[in-house]
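Accompanying notes for the structure given below.
The values are calculated or read from the model by the stated rules, or taken from the named source; none is laboratory data. What you are looking at is a predicted structure, and each value in this text was computed from that prediction instead of being measured. Reconstructed Cβ throughout: ideal geometry from the backbone, glycine too, with neighbour counts over all protein chains shown. These area figures cover heavy atoms from the full protein model, side chains too; ligands, DNA and RNA do not enter into them. Shrake-Rupley method; radii C 1.70, N 1.55, O 1.52, S 1.80 Å.
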Amino acid sequence: MENYTLSNGVQIPKIGFGTWQIPDGTEVYNSVSHALKVGYTHVDTAQIYRNEEGVGRAIADSELAREKIFLTTKIWNDKHDYELAKASIDESLEKLSVDYVDLLLIHWPNPIALREKDAWKAGNAGAWKAMEEAYKLGKVRAIGVSNFMIHHLEALFETAEIKPHVNQVLLAPGCPQEELVSFCRQHGILLEAYSPLGTGSIFDNPIAQELAQKYGKSIAQIALRWSLQKGFLPLPKSVTPKNIEDNLQIFDFELSTEDIARLDKVEGVSQQKNPDQVSF
Ligand SMILES: NC(=O)c1ccc[n+]([C@@H]2O[C@H](COP(=O)([O-])OP(=O)(O)OC[C@H]3O[C@@H](n4cnc5c(N)ncnc54)[C@H](OP(=O)(O)O)[C@@H]3O)[C@@H](O)[C@H]2O)c1
């Protein structure tokens, strides 16, 4: 597995296994176990996915040593406060049965409860302080954000001692978020691509279908290769063993510059939700 290097020098595998909407228990255990068996070394979960325990069990039971696995979790919207975030980090470590996570993210920048009080900046600053402390204590190897747009990042920079190492946002064919990507790159922030298959919406896209034929690859592999060639880190989710395996086979071909540009502009694939307008 090839790696990207974060701004703090930490190596991060170029593709991660997504676990949103995979129920805790047998389903997440089997999916993550299969992913680790067939070559993934990077797993993405979150407090709100409510499957940290199953993810942790799959990691503990895998043949890979803990240090060979890159594990991410995310702080949920009801923990945007120094004390609450601090306690929730320990709770996540306990649920995951690990001594540290490799990456910890603030999941969304503007929880509705704080938005109503115009307190989102202070909420992020408080959570970030707890994350910086956890980083210094070795409970997390890197810290970052998710769903942060430029104004959320600029607000965080006002109080942050450490700049985010990662921003995890929706990046998929038809949603290249060019302005945000360019801003993050200026600040040394790696872009992780969530919903890289548009939560399934890519499969009906005629251009993706045409390119799959052209390259002799699956539609999923075309979308994931687009992500890699854009310099993103895709996080495909699957509960289907064959799909889990197929999604790793993206390091042996290259899309042309013209085809990347066509994929940039496709229509009908999921778009980034406006984090200042979500209902949670
Ligand atoms: N930070 C955030 O706010 C945020 C938000 C959304 C997602 N994420 C992260 O990003 C991950 C991925 O995003 P996502 O869950 O929205 O979905 P996604 O990975 O874009 O798409 C998943 C869908 O594609 C199907 N699929 C996967 N591989 C396939 C293949 N090779 N052929 C055919 N179908 C295939 C899956 O079905 P099967 O399961 O049946 O294969 C599922 O229906 C999440 O799991 C999560 O870790 C983060």
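Those residues that are away from the ligand (no atom under 14 Å from the Cβ), open to solvent by less than 40 Å² (accessible area, probe 1.4 Å) and not in a helix (DSSP H, G or I), I need them from segment 34-69; list them, please. Before the answer, list the steps.
Filtering segment 34-69 for residues away from the ligand (no atom under 14 Å from the Cβ) gives 36-37, 39, 41, 53, 56-69.
Those still in the list that are open to solvent by less than 40 Å² (accessible area, probe 1.4 Å) too: 36, 39, 41, 56, 58-59, 62, 69.
Selection gives G39, T41, S62, I69.
Checking the structure you have, find out if any residue of segment 203-213 is within 10 Å of the ligand (Cβ to nearest atom), hydrophobic (A, V, I, L, M, F, W, C), in contact (Cβ under 8 Å) with a residue 12 or more places away in the chain and within 19 Å of E192 (Cβ to Cβ). First the steps, then the outcome.
Within segment 203-213, the first condition is being within 10 Å of the ligand (Cβ to nearest atom), and the residues that meet it are 203.
Among the residues that remain, those that are also hydrophobic (A, V, I, L, M, F, W, C) are: 203.
Applying the additional criterion that residues be in contact (Cβ under 8 Å) with a residue 12 or more places away in the chain yields 203.
From the residues that got through so far, the ones that are within 19 Å of E192 (Cβ to Cβ) too are none.
No, that holds for no residue.
Working only within segment 136-156, note down all residues that are open to solvent by 10 Å² or more (accessible area, probe 1.4 Å), closer than 17 Å to N167 by Cα and either touching a Leu at 6+ places or on another chain (Cβ under 8 Å) or within 14 Å of the ligand (Cβ to nearest atom) (or both). Steps first, answer last, please.
Let us first name the residues in segment 136-156 that are open to solvent by 10 Å² or more (accessible area, probe 1.4 Å), namely 136-139, 141, 149-151, 154-155.
Still in the running and closer than 17 Å to N167 by Cα: 141, 149-151, 154-155.
Within segment 136-156, R141, M149, I150 meet the criteria.
Six or more apart or on different chains, Cβ under 6 Å: which pairs go from a residue in segment 238-254 that's in contact (Cβ under 8 Å) with a residue 60 or more places away in the chain to one that's within 6 Å of the ligand (Cβ to nearest atom) and open to solvent by less than 60 Å² (accessible area, probe 1.4 Å)? Could you list them?
Within 6 Å, the pairs are I244/S238; N247/A220; N247/P236.
Are there any pairs with C-beta distances below 6 angstrom linking a residue in segment 25-39 that is modelled with pLDDT of 95 or more to a residue that is open to solvent by 40 Å² or more (accessible area, probe 1.4 Å) and not β-branched (V, I, T), with the two at least 6 apart or on different chains, and if so which?
That search, which allows pairs on different chains as well, returns Y29/R57; H34/P241; L36/L64; V38/E245.
Answer yes or no as to whether L197 is touching a residue at least 12 places away in the same chain (Cβ under 8 Å), within 16 Å of the ligand (Cβ to nearest atom), open to solvent by less than 50 Å² (accessible area, probe 1.4 Å) and touching a Gly at 6+ places or on another chain (Cβ under 9 Å).
Values: touching a residue at least 12 places away in the same chain (Cβ under 8 Å): yes; within 16 Å of the ligand (Cβ to nearest atom): yes; open to solvent by less than 50 Å² (accessible area, probe 1.4 Å): yes; touching a Gly at 6+ places or on another chain (Cβ under 9 Å): no.
The answer is no for L197.
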